[in-house]
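Quick notes on the structure that follows.
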Amino acid sequence: MTDGYLWFEGLPFPSIDYSYEGLKEACTKFVIKDEDTVMVSYPKSGTHWLIEILCLIHSKGDTTWIRSVSIWDRAPWLEIDTGYKLLKEREGPRFLTSHLPFYLFPKSFFTSKAKVIYIMRNPKDVLVSGYYFWTTTKFSKKPESLDQYFQWFLQGHVPYGSWFEHIRGWMSMRDRENVLLLSYEELQKVTSTSPGNLADGDWKSWGVSEPEVTGATGICGDWKNHLTVAQAEALDKLYQEKMAGFPKELFPWE
């Protein structure tokens, strides 16, 4: 562990609740089963929100399960030591959660029929939300300012590395029948077309609300209240370079 991170295969991970041995075993030996459902995202993209929605769909709107069992137990994190232990002992069908990039994901998935739901979010909002989250936790290196975190984000020197590489990797799976792409922005719109990709019905009436955040509002486009014009332009420039070749309609943000 150096500079406040745990490094594995060239990628920085939080330094608490993770171990090199645990990551290695999760990435190389874990067997994903056909009946599994995996929720994948880059950090601060609406992961917990998606988990709650799927759990309510699974329970047909009955909130007993989500009120009595913690989110960490209902959909354990594959790469976190405690989550991996739970998953190894659990019979299917299982809900799994992961922030792992495509190239580190267990190879067993690629020959399985397991479902992956990948949720993404505007990188500017991810950046701002990430800054306020990581400065209030003990899991990893703390930035001294938003500007410093901004530089780290552009360099990919934040937990789980580059947002761009994470998105690019998982986008390569977008044509597979067992991979569903969603966005934070779609879920906030609460239209009949986007949540309908998950299940029929008004899931918001089941008590699912937008995620609570610290320092940022969770509203799409809130980055405008935090980033300078120069920062936004710098991120736009990098975005154009890194995401060239992908259809713009894949990403429902400005």
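The values are calculated or read from the model by the stated rules, or taken from the named source; none is laboratory data. Because the structure is predicted, anything quoted here is derived from the model rather than measured. With ideal geometry, Cβ positions are generated from the backbone for all residues, glycine too; neighbour counts draw on all protein chains shown.
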Considering (1) in contact with a strand residue (DSSP E or B) (Cβ under 8 Å, 6 or more places away or on another chain); (2) over 26 Å from K248 (Cβ atoms), say which one G92 fails and leave the rest.
-> (1)
Matching residues in the stretch 1-47 - criterion: being assigned to a loop (DSSP other than H, G, I, E, B), in contact with a strand residue (DSSP E or B) (Cβ under 9 Å, 6 or more places away or on another chain), surrounded by 15 or more Cβ atoms within 10 Å (Cβ to Cβ) and not hydrophobic (A, V, I, L, M, F, W, C) = P14, S15, D17, Y18, S19, D36, Y42, S45, G46
Only residues that are closer than 16 Å to Q231 by Cα and hydrophobic (A, V, I, L, M, F, W, C): list them for the stretch 138-162, please.
-> L146, F150, W152, F153, L154
Considering residues that are more than 11 Å from the chain's Cα centre (by Cα) and closer than 21 Å to N122 by Cβ, the number found within the stretch 25-51 is 0
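Matching residues to (1) at positive phi; (2) surrounded by fewer than 20 Cβ atoms within 10 Å (Cβ to Cβ); (3) in contact with a Phe, Trp or Tyr (Cβ under 8 Å, 6 or more places away or on another chain); (4) touching a residue at least 24 places away in the same chain (Cβ under 8 Å):
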| residue | (1), (2), (3), (4) |
| --- | --- |
| P93 | no, yes, no, yes |
| F102 | no, yes, yes, yes |
| F109 | no, no, no, yes |
| Y131 | no, no, yes, yes |
| K138 | no, yes, no, yes |
| D147 | no, yes, no, yes |
If you scan the stretch 48-78, which residues turn out to be of a type outside the set (A, V, I, L, M), in a loop (DSSP other than H, G, I, E, B) and buried (at least 17 other Cβ atoms within 10 Å of the Cβ)?
-> P76
Residue check: is L96 assigned to a strand (DSSP E or B), out of contact with any Cys (no Cβ under 6 Å at 6 or more places or on another chain) and not hydroxyl-bearing (S, T, Y)?
-> yes
Is there a residue in the stretch 198-217 that is farther than 22 Å from D62 by Cα and either modelled with pLDDT of 95 or more or not in a loop (DSSP other than H, G, I, E, B) (or both)?
-> no
Which of the residues spanning the stretch 49-76 are over 19 Å from L182 (Cα atoms) and in contact with a strand residue (DSSP E or B) (Cβ under 8 Å, 6 or more places away or on another chain)?
-> R74, P76
Go over the candidates L181, L187, L154 one by one and state the one that is surrounded by 15 or more Cβ atoms within 10 Å (Cβ to Cβ), at pLDDT below 95 and part of a helix (DSSP H, G or I).
-> L187
Report yes if some residue within the stretch 15-26 is among the β-branched types (V, I, T) and modelled with pLDDT under 95; otherwise report no.
-> yes
Does any residue of the stretch 74-85 turn out to be of a type in the set (A, V, I, L, M, F, W, C) and more than 26 Å from Y20 (Cβ to Cβ)?
-> no
